[in-house]
Amino acid sequence: MSSGVKPCPFCGNQVFVEKIPLWRTRGDGSTSGYSGCYEYDIHCDECGCRIKLPGNDTVYRSDKKAKENAINTWNRRVE
């Protein structure tokens, strides 16, 4: 579990912050997408709860800010 990330709001288990590349390599070795850019996905492997923020990626902001946005969104909930 990443530091500062709350547990899953549904089952209480630890969650994972995953850095996902925004490009893929084709069979001929060329790439498509945004090479060197990432988005962040936070998910619980136990119950499947997941968040994905459209437009929250490193194309338009720093890696640190994109990760921070994902964590802040995940942690925002009514207690």
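Compute, for THR73, the solvent-accessible surface of its heavy atoms (probe 1.4 Å) with the complete set of protein chains present, and express it in square angstrom to the nearest 10.
Its heavy atoms expose roughly 40 Å² to the probe.
Below 8 Å, C-alpha to C-alpha, sequence gap of six or more: please give me the relative contact order for the chain in percent.
Numbers: 125 pairs, mean separation 20.4, N = 79.
Once normalised by length, the contact order is 26 percent.
Roughly to the nearest percent, how much of the accessible area of the chain is carbon and sulfur, given a 1.4 Å probe? Can you show the working numbers first?
On the way: 2530 of 5270 Å².
Answer for the chain: carbon and sulfur cover 48 percent of the accessible area.
Based on Cβ point charges of +1 for Lys and Arg and -1 for Asp and Glu, what charge dipole magnitude is obtained for the chain about its Cα centre, in debye rounded to the nearest 20?
Values: 12 positive and 10 negative charges, 44 e Å.
The dipole of the chain has a size of about 220 debye.
Check CYS47: other-chain or 5+ apart residues with amide H under 5 Å from its amide H, H built from backbone geometry?
Long-range HN contacts for CYS47: none found.
How charged is the neighbourhood of PRO21? Take every other residue with its Cβ under 13 Å from the Cβ of PRO21, and add Lys/Arg as +1 and Asp/Glu as -1. Mind showing how you got there, number by number?
Working: positive: LYS19, ARG24; negative: GLU18, GLU39, ASP41, ASP57, ASP63.
Once positives and negatives cancel, what remains is -3.
Share of Cα-Cα pairs in the chain beyond 22 Å, in percent? Write down the numbers at each step before the final one.
On the way: 949 of 3081 pairs.
Percentage above 22 Å: 31.
Could you do me a favour and compute the accessible area per residue for the chain, 1.4 Å probe, result in Å²?
Numbers: 5270 Å² over 79 residues.
Per-residue accessible area for the chain comes out at 67 Å².
Would you mind checking which residues have amide H under 5 Å from CYS37's amide H? H placed 1.01 Å from N; only 5 or more apart, or other chain.
HN-HN under 5 Å from CYS37: LEU22.
For the chain, which trypsin sites (Lys or Arg not before Pro) are both in a DSSP coil and crowded by at most 14 other Cβ atoms within 10 Å?
Working: sites: LYS19, ARG24, ARG26, ARG50, LYS52, ARG61, LYS64, LYS65, LYS67, ARG76, ARG77; in loops: ARG26, ARG61, ARG76, ARG77.
Here the sparse-neighbourhood loop sites are ARG26, ARG61, ARG76, ARG77.
Nearest 10 degrees is fine. How inclined is helix 63-75 to the longest principal axis of the chain, computing both from alpha carbons?
Result, in degrees: 30.
The values are calculated or read from the model by the stated rules, or taken from the named source; none is laboratory data. All values reported here derive from a predicted model rather than from experimental measurement. When we count neighbours, we look across all protein chains shown, and the Cβ atoms used for this are built from the backbone with ideal geometry, even at glycine. What goes into the accessible areas is simple: the full protein's heavy atoms, side chains included, and nothing from ligands, DNA or RNA. Shrake-Rupley method; radii C 1.70, N 1.55, O 1.52, S 1.80 Å.
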